[in-house]
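The values are calculated or read from the model by the stated rules, or taken from the named source; none is laboratory data. Treat the numbers as computed from the prediction; the structure is a model and nothing was measured. Neighbour counts are summed over all protein chains in view; Cβ atoms, including those assigned to glycine, are modelled from backbone coordinates with ideal geometry.
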Amino acid sequence: MEQADIPFLSATQLASLIEARQVSPEEALHAYLDRIEQVGPKVNAYITVCADEAVQQARQAGQEIQQGRYRGPLHGIPVAVKDQVHTTGILTTDASKIRADFIPTEDATVVAKLKEAGAVIIGKTNMSEFAIGDSFSSFKGPARNPWDLSRDPGTSSTGSGAATAARLCATSLGEDTGGSIRGPASLCGLVGLRPTWGRVSRFGADGACWSIDTIGPISRTVEDCAATIGAIAGYDPKDPYTRQVPVPDYRQALTGDIRGLKVGLVQDYLDPEKSGVDPRVRDAVIAAAGVLSELGADVRDVSLPLSVNCGVAIRTITHVDRVSLHPEWLRERPQDYHHNTRVSFSTANLIPAPVYYKAQKVRAMVRREVLGALEDVDVLIQPTSAAPAGVMSMDGTVASKQQAKQALHRGGYTGPYSLTGTTAMSILCGFSSEGDGGLPLALQIAGRPFDEATVLRVGHAYEQATPWHNRLPPI
C-alpha cells in the first residue's frame with residue numbers, strides 16, 4: 001500500500017492492517033502528518049499538531065505490537081481531540097486568546113483512556129471559542145468544511161468535524177452540549193455520537209454546561225465510532241456524574257440485523273411549515289426510514305410536539321451556565337473575547353432568573369415527552385439539521401440577527417436529546433444534488449439512556465445498506 005493511501009482507510013480498516021503488521025503505527029502517523037502538511041492550511045482544522053509527541057507514541061505502539069502486546073482497535077491509530085480537552089504538556093486553548101498560553105499538567109480522563117487504548121494523539125482541533133456555538137469565533141480563524149471550503153463545518157466541534165472529513169485524523173473526539181458533535185458530523189458527512197449524559201467522564205474538559213455537556217466521537221463510519229466510544233466510556237471516580245453502568249462491546253452490537261426493532265419517525269421535523277426543514281433533508285430522511293423498513297424494522301410515525309421549540313430553552317440554560325464558570329474573565333478581559341462570544345456572555349448575564357427557571361421547566365417537559373416516546377419505540381429518527389451546510393462568513397465578521405435565529409432553530413433539532421440527557425447519533429443519509437453543491441444530508445438516531453449499542457446497531461445496518469459513506473470530499 002502506498003503511504004499516501006493510508007489516510008483514506010477507515011480507522012478500523014487501518015487497525016486491521018496494524019494488527020496484522022502490514023502497516024506500522026509510525027507509517028500511519030507519517031501518512032497523516034504528510035496530509036496535514038498538504039491539506040491542513042486549507043481546512044484550518046487544528047490549533048496544535050502534536051507531531052513530536054505523536055511520533056513517540058507511534059514508536060511505542062509499534063514496539064508493543066511487535067512484541068505481541070496488541071491493545072485493541074485504537075492501538076497505533078491517529079486520533080484528534082477537541083481543544084477544550086486537557087492534554088498534559090500540550091497547549092489547550094479553548095480557541096480563545098484568554099487561554100492562549102494554558103498548558104495542562106494532567107490529561108483529561110478521555111485522553112488517558114485513549115492512551116491506555118494505544119491511540120496516538122495527533123493534534124488538538126479548532127473549535128468555537130469556549131464552545132459558544134458559532135463557526136468563526138476561534139482566535140485561530142474558522143475551520144472550513146472539506147466538502148466546500150466556503151461552507152459551515154458545524155459548531156462547536158468545528159475542527160474535529162473538518163479534520164475527520166478531510167482525512168487529517170482517523171477518528172476524533174468532540175464535545176456536545178446543544179449539538180456540537182452531531183452538528184459537525186451532519187454538515188461534514190460523518191458519524192457523530194452524543195453518549196448518554198454520565199456515560200463518558202468529563203474530568204479535565206473545560207465545561208460549557210455541567211448538566212448537559214458530553215464528550216464523544218466524531219468518526220467516518222459507525223464501526224469507527226463504536227471503537228472510539230468503547231475506548232473512552234465508563235465510570236470515572238474523578239467525575240461524580242459518571243454512572244456505574246457496564247460498558248458493552250459496541251462493535252459486537254453491529255450485527256446488521258434490525259428485524260423487529262421499533263423505529264419512531266418523528267413527524268414534527270418533516271413539516272416545512274412547522275420545523276422549517278429543507279425539502280432535500282426531509283426527502284433524504286424519509287428515504288432512510290424506507291431503507292430501515294426494508295431491513296425489517298417496524299417504522300411508525302411518532303410526534304414530539306414540544307421538541308421543535310426547545311432551541312430557546314437549551315440556549316438559555318447553556319449560556320447562563322457557561323458564563324457562570326469564569327465571570328472574572330468577562331469583567332477583567334472582555335477585549336480578549338471574540339465579539340460574538342463577548343456579546344453572548346454579556347447577554348447571558350442579563351437573563352432574569354424567572355426566564356432561566358422557565359427554561360428548566362421546559363426541559364423537564366421535553367424530557368418527559370422524549371422518554372415517553374422511547375417507551376413505545378426502540379429508537380427515534382429525524383433530521384439532524386434543518387438544511388445542508390450554509391455559506392459561512394469568510395472574513396470572520398459579526399454574526400447577524402439571521403444567524404442568531406438560525407442557531408436557535410438548530411437547537412430545536414439536536415436540543416431535545418441534549419435536554420433529555422439520552423444518546424443520539426448523526427449519520428450521513430445522502431447528498432444534495434451536484435447543482436446544489438453535493439453537500440451531505442444527515443439522519444439523527446436517538447435511543448434510550450445508556451443504550452448507545454442499539455443506536456449504533458441501527459446506524460450500522462443503515463450505513464451498510466447504502467453507499468453514502470463511500471463518497472469522499474473533493475479536497
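How about segment 328-342: which of its residues are closer than 26 Å to residue 357 by Cβ and either in a loop (DSSP other than H, G, I, E, B) or touching a Phe, Trp or Tyr at 6+ places or on another chain (Cβ under 9 Å) (or both)? Within segment 328-342, 329, 330, 341 meet the criteria. Looking only at residues in segment 278-288 that are more than 21 Å from the chain's Cα centre (by Cα) and of a type outside the set (Gly, Ala, Ser), the one that is nearest to residue 390 (Cα to Cα) is 278. Residues in segment 35-53 that are of a type in the set (A, V, I, L, M) and outside any helix (DSSP H, G or I) were compared, and the one that is nearest to residue 100 (Cα to Cα) is 47.
Can you tell me which residue in segment 38-71 is nearest to residue 475 (Cα to Cα), limited to those that are polar (S, T, N, Q) and surrounded by 15 or more Cβ atoms within 10 Å (Cβ to Cβ)?
Initial filter on segment 38-71 (polar (S, T, N, Q)): 38, 44, 48, 56-57, 60, 63, 66-67.
Narrowing further to those that are surrounded by 15 or more Cβ atoms within 10 Å (Cβ to Cβ): 44, 48, 57, 60.
Values: 44: 13, 48: 21, 57: 28, 60: 32 Å.
Out of the qualifying residues, it is 44.
Restricting attention to segment 239-267 and to residues that are touching a residue at least 60 places away in the same chain (Cβ under 8 Å) and either in a helix (DSSP H, G or I) or among the charged types (D, E, K, R) (or both), the residue that is surrounded by the most Cβ atoms within 10 Å (Cβ to Cβ) turns out to be 250. Looking at 337, 357, just one residue is free of Cβ contacts under 8 Å to residues at least 12 places away in the same chain and of a type in the set (Ser, Thr, Tyr), and that residue is 357. Only residues that are in a helix (DSSP H, G or I) and in contact (Cβ under 8 Å) with a residue 60 or more places away in the chain were counted in segment 432-467, giving 14. Looking at segment 16-44, which of its residues are under 21 Å from residue 227 (Cα atoms), touching a residue at least 40 places away in the same chain (Cβ under 8 Å) and out of contact with any Gly (no Cβ under 7 Å at 6 or more places or on another chain)? Those that are under 21 Å from residue 227 (Cα atoms), touching a residue at least 40 places away in the same chain (Cβ under 8 Å) and out of contact with any Gly (no Cβ under 7 Å at 6 or more places or on another chain): 19, 21, 29, 32. Apart from one condition, residue 239 fits all of (1) at pLDDT 95 or above; (2) under 16 Å from the mean Cα position of the chain (by Cα); the exception is (2).
Looking at segment 290-326, which of its residues are β-branched (Val, Ile, Thr) and surrounded by fewer than 16 Cβ atoms within 10 Å (Cβ to Cβ)?
Of segment 290-326, the ones β-branched (Val, Ile, Thr) are 291, 299, 302, 308, 312, 314, 316-318, 320, 323.
If the condition is that a residue be β-branched (Val, Ile, Thr) and surrounded by fewer than 16 Cβ atoms within 10 Å (Cβ to Cβ), then no residue fits.
Name the residue that is surrounded by the fewest Cβ atoms within 10 Å (Cβ to Cβ), counting only residues in segment 140-151 that are out of contact with any strand residue (DSSP E or B) (no Cβ under 6 Å at 6 or more places or on another chain) and not hydrophobic (A, V, I, L, M, F, W, C). For segment 140-151, the residue satisfying everything is 141. I want to confirm something. Restricting to segment 111-136 and keeping residues that are of a type in the set (Asp, Glu) and assigned to a helix (DSSP H, G or I), which single residue is farthest from residue 33 (Cα to Cα)? Checking each candidate, the answer is 129.
One line per residue, one yes/no per condition, for (1) more than 8 Å from the chain's Cα centre (by Cα); (2) under 19 Å from residue 419 (Cβ atoms); (3) part of a loop (DSSP other than H, G, I, E, B); (4) aromatic (Phe, Trp, Tyr):
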site: 159; (1), (2), (3), (4): yes, no, no, no
site: 162; (1), (2), (3), (4): yes, no, no, no
site: 172; (1), (2), (3), (4): yes, no, no, no
site: 175; (1), (2), (3), (4): no, yes, no, no
site: 179; (1), (2), (3), (4): no, yes, yes, no
site: 183; (1), (2), (3), (4): no, yes, no, no
site: 196; (1), (2), (3), (4): yes, yes, yes, no
site: 203; (1), (2), (3), (4): yes, no, yes, yes
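Looking for something touching a strand residue (DSSP E or B) at 6+ places or on another chain (Cβ under 9 Å), in contact (Cβ under 8 Å) with a residue 12 or more places away in the chain and within 16 Å of residue 166 (Cβ to Cβ) - is there at least one such residue anywhere in segment 65-78? Yes, that holds for at least one residue.
Identify all residues within segment 343-359 that are part of a helix (DSSP H, G or I) and farther than 30 Å from residue 138 by Cβ; write none if there are none. 353, 354, 357, 358, listed by residue number.
Can you spot a residue in segment 296-307 that is of a type in the set (Asp, Glu) and touching a residue at least 60 places away in the same chain (Cβ under 8 Å)?
Just the residues of segment 296-307 that are of a type in the set (Asp, Glu), to begin with: 298, 301.
Those left that are additionally touching a residue at least 60 places away in the same chain (Cβ under 8 Å): none.
Within segment 296-307, not a single residue is of a type in the set (Asp, Glu) and touching a residue at least 60 places away in the same chain (Cβ under 8 Å).
From the residues in segment 387-431 that are of a type in the set (Val, Ile, Thr) and not in a loop (DSSP other than H, G, I, E, B), which one is modelled with the lowest pLDDT? Outline the logic, then answer.
Taking segment 387-431 first, the residues of a type in the set (Val, Ile, Thr) are 391, 397-398, 414, 420, 422-423, 427.
Subset that is not in a loop (DSSP other than H, G, I, E, B): 391, 414, 420, 427.
Numbers: 391: 92, 414: 96, 420: 97, 427: 98.
The extreme case among them is 391.
Is it the case that residue 220 is charged (D, E, K, R) and under 13 Å from the mean Cα position of the chain (by Cα)?
Numbers: charged (D, E, K, R): yes; under 13 Å from the mean Cα position of the chain (by Cα): yes.
In short, yes.
Within segment 455-463, is there a residue that is at pLDDT 95 or above and surrounded by fewer than 17 Cβ atoms within 10 Å (Cβ to Cβ)? The answer is no, given that none of the residues of segment 455-463 is at pLDDT 95 or above and surrounded by fewer than 17 Cβ atoms within 10 Å (Cβ to Cβ). Answer yes if at least one residue in segment 23-34 is assigned to a loop (DSSP other than H, G, I, E, B), of a type in the set (Phe, Trp, Tyr) and crowded, with 16+ Cβ neighbours inside 10 Å, and no otherwise. Within segment 23-34 (the criterion being assigned to a loop (DSSP other than H, G, I, E, B), of a type in the set (Phe, Trp, Tyr) and crowded, with 16+ Cβ neighbours inside 10 Å), the answer is no, since none of the residues qualifies. For segment 72-110, the candidate set comprises residues that are of a type in the set (A, V, I, L, M) and assigned to a strand (DSSP E or B); within that set, the residue that is surrounded by the fewest Cβ atoms within 10 Å (Cβ to Cβ) is 90.
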